[in-house]
Amino acid sequence: MRFLLDAEQAEFGRTLDRMLTAADTPSAVRAWAGGDAGPGRAVWGRLAEAGVFALAVPEAYEGVGPLPVELALSYVELGRHAVPGPVVETAAVAMLLNGTEAGKEWLPRIAAGEAAVTLAAGPYALDADSADAVFVVDGDAVRLAAGYGPLRESADPARRLFVPEGGEVVARGAQVREASDMASFLTAAQSLGVGLELLRRTVDYAKQREQFGVPIGSFQAVKHRLADALVGLEFARPLLFGAALTMTSTDVAAAKLAAGEAAYAAARAALQLHGAVGYTEELDLSLWLRKARPLRDAWGTPAECRERVSNSSPCGD
């Protein structure tokens, strides 16, 4: 048995890469962090045209999914290009509302890219100010939040956190566990993409930055640091796509743990090897550096996912 992407899947990933490269996502991220969702929603529209959100929506609701392998491919690219917004949460809502009355209203809109929605399974709802709806998991019920509180501080300014308020119950008996697993799985894919981009940028910098008359990339210590980051990311990749084939909670937790830790390690290496310039907001590198830690902890912290892998226990947000 060969666990390789077929030609169509590989080309889909390359197409998304080309599209997002042309979209100037760093500018969209900076605007999003400042409260201007316009450029980010424009990127969102292009993703919808490419069919990204339809991959999470069942065919009964005008989607083509769920297709976990293609979703993993897509969200790795979203991470590599630092696409802002509740992209993970929107896909999780597609799983959450499947088979409910609320799903009839919202899922076709999600598939078409007409609605960006977010989901709170803990105290915060990501990007509630730019979402068309905020859904809240309340036991086995789902509420549609009536509003949200003030902006809360986040390590990543482009991850805007709000506390949802009130709202009526719009679904009961929803697929809460499945939605949580989907969110954890897609966050793992995003993390892998963030780590890969951090490593790429750091390798390029190490080839150009000179010390003692030679590129710093020629130093053995630097090579070892970059190699360690690469190994971590490459070990996470098969776990992610293995989880895409099974979508079991344990496999998803293993992928989330590996990808999150690998991306965080790549971020630490990137910051160290860039030196003081790595701290500057003017450098695009900072957009990825700030994502690695929050993504590592979102939809399942490392400790929660370790416990889940060991004991097959739930892994929450």
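The values are calculated or read from the model by the stated rules, or taken from the named source; none is laboratory data. On a predicted model such as this, the values are computed, not experimentally measured, just so you know. For neighbour counting, all protein chains shown are included, and Cβ atoms are generated from backbone atoms with ideal geometry for every residue, glycine included.
So that you can scan it fast, the table gives a plain yes or no per residue for (1) in contact with a helix residue (DSSP H, G or I) (Cβ under 9 Å, 6 or more places away or on another chain); (2) in the same structural domain as Pro58 (by TED's automatic domain parsing); (3) closer than 28 Å to Cys305 by Cα:
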position	(1), (2), (3)
Gly166	no, yes, no
Leu186	yes, no, yes
Ser191	yes, no, yes
Arg209	yes, no, no
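Given the criteria at pLDDT 95 or above, out of contact with any strand residue (DSSP E or B) (no Cβ under 7 Å at 6 or more places or on another chain) and hydroxyl-bearing (Ser, Thr, Tyr), does Thr250 qualify?
yes
Quick check on my filter: what residues within the stretch 27-49 are β-branched (Val, Ile, Thr) and in contact with a Ser or Thr (Cβ under 8 Å, 6 or more places away or on another chain)?
Within the stretch 27-49, just Val43 meets the criteria.
From the list Glu282, Glu261, which residue is within 17 Å of the chain's Cα centre (by Cα), assigned by TED's automatic domain parsing to the domain that holds Phe185, acidic (Asp, Glu) and within 27 Å of Arg152 (Cα to Cα)?
Sole residue among the options that is within 17 Å of the chain's Cα centre (by Cα), assigned by TED's automatic domain parsing to the domain that holds Phe185, acidic (Asp, Glu) and within 27 Å of Arg152 (Cα to Cα): Glu261.
If I go through the stretch 291-315 residue by residue, how many of them are buried (at least 22 other Cβ atoms within 10 Å of the Cβ) and within 18 Å of the chain's Cα centre (by Cα)?
Residues flagged as buried (at least 22 other Cβ atoms within 10 Å of the Cβ) and within 18 Å of the chain's Cα centre (by Cα) within the stretch 291-315 amount to 9.
So if I check each of Gly35, Gly51, Gly40, which one is farther than 18 Å from Ala128 by Cα and either modelled with pLDDT of 95 or more or in a loop (DSSP other than H, G, I, E, B) (or both)?
Within the list Gly35, Gly51, Gly40, the selection yields Gly51.
For the stretch 68-93, which positions are over 21 Å from Ala33 (Cβ atoms) and among the hydrophobic types (A, V, I, L, M, F, W, C)?
Selection gives Val69, Leu71, Ala72, Leu73, Val76, Ala91, Ala92, Val93.
Identify all residues within the stretch 259-317 that are under 22 Å from Ala179 (Cα atoms), at pLDDT 95 or above and of a type in the set (Ser, Thr, Tyr); write none if there are none.
Thr301
For the stretch 110-159, which strands (runs of 3 or more DSSP E) that fit wholly inside it have 1 or more residues that are surrounded by 20 or more Cβ atoms within 10 Å (Cβ to Cβ), assigned by TED's automatic domain parsing to the domain that holds Gly99 and over 20 Å from the mean Cα position of the chain (by Cα)?
Correct list: 141-144.
On the basis of being in a helix (DSSP H, G or I), more than 18 Å from the chain's Cα centre (by Cα) and exposed (fewer than 13 other Cβ atoms within 10 Å of the Cβ), does Val222 make the cut?
In short, no.
What's the total number of residues in the stretch 200-219 that are under 31 Å from the mean Cα position of the chain (by Cα), surrounded by 15 or more Cβ atoms within 10 Å (Cβ to Cβ) and within 12 Å of His274 (Cβ to Cβ)?
Looking only at the stretch 200-219, we keep the residues that are under 31 Å from the mean Cα position of the chain (by Cα), and these are 200-209, 217.
After this cut, where a residue has to be surrounded by 15 or more Cβ atoms within 10 Å (Cβ to Cβ) as well, the list is 201-203, 205-206, 209, 217.
Next, only the ones that are within 12 Å of His274 (Cβ to Cβ) stay: 201-203, 205-206, 209.
Matching residues across the stretch 200-219 total 6.
Considering only residues that are small (Gly, Ala, Ser) and in contact (Cβ under 8 Å) with a residue 24 or more places away in the chain, look in the stretch 160-171 and name the one that is surrounded by the most Cβ atoms within 10 Å (Cβ to Cβ).
Restricting to residues being small (Gly, Ala, Ser) and in contact (Cβ under 8 Å) with a residue 24 or more places away in the chain, the top hit is Ala171.
Within the stretch 1-21, take every residue that is among the hydrophobic types (A, V, I, L, M, F, W, C) and at pLDDT below 95 and give me the one that is farthest from the chain's Cα centre (by Cα).
Met1
For a quick check of your reading of the model, give me the residue pairs whose first member lies in the stretch 277-290 and is farther than 14 Å from Ala266 by Cβ and without any contact (Cβ under 8 Å) to a residue 60 or more places away in the chain, whose second is of a type in the set (D, E, K, R) and in a helix (DSSP H, G or I), with beta-carbon atoms closer than 9 Å and at least 6 apart or on different chains.
Once the first residue is farther than 14 Å from Ala266 by Cβ and without any contact (Cβ under 8 Å) to a residue 60 or more places away in the chain and sits in the stretch 277-290, its partners that are of a type in the set (D, E, K, R) and in a helix (DSSP H, G or I) give Glu281/Arg30.
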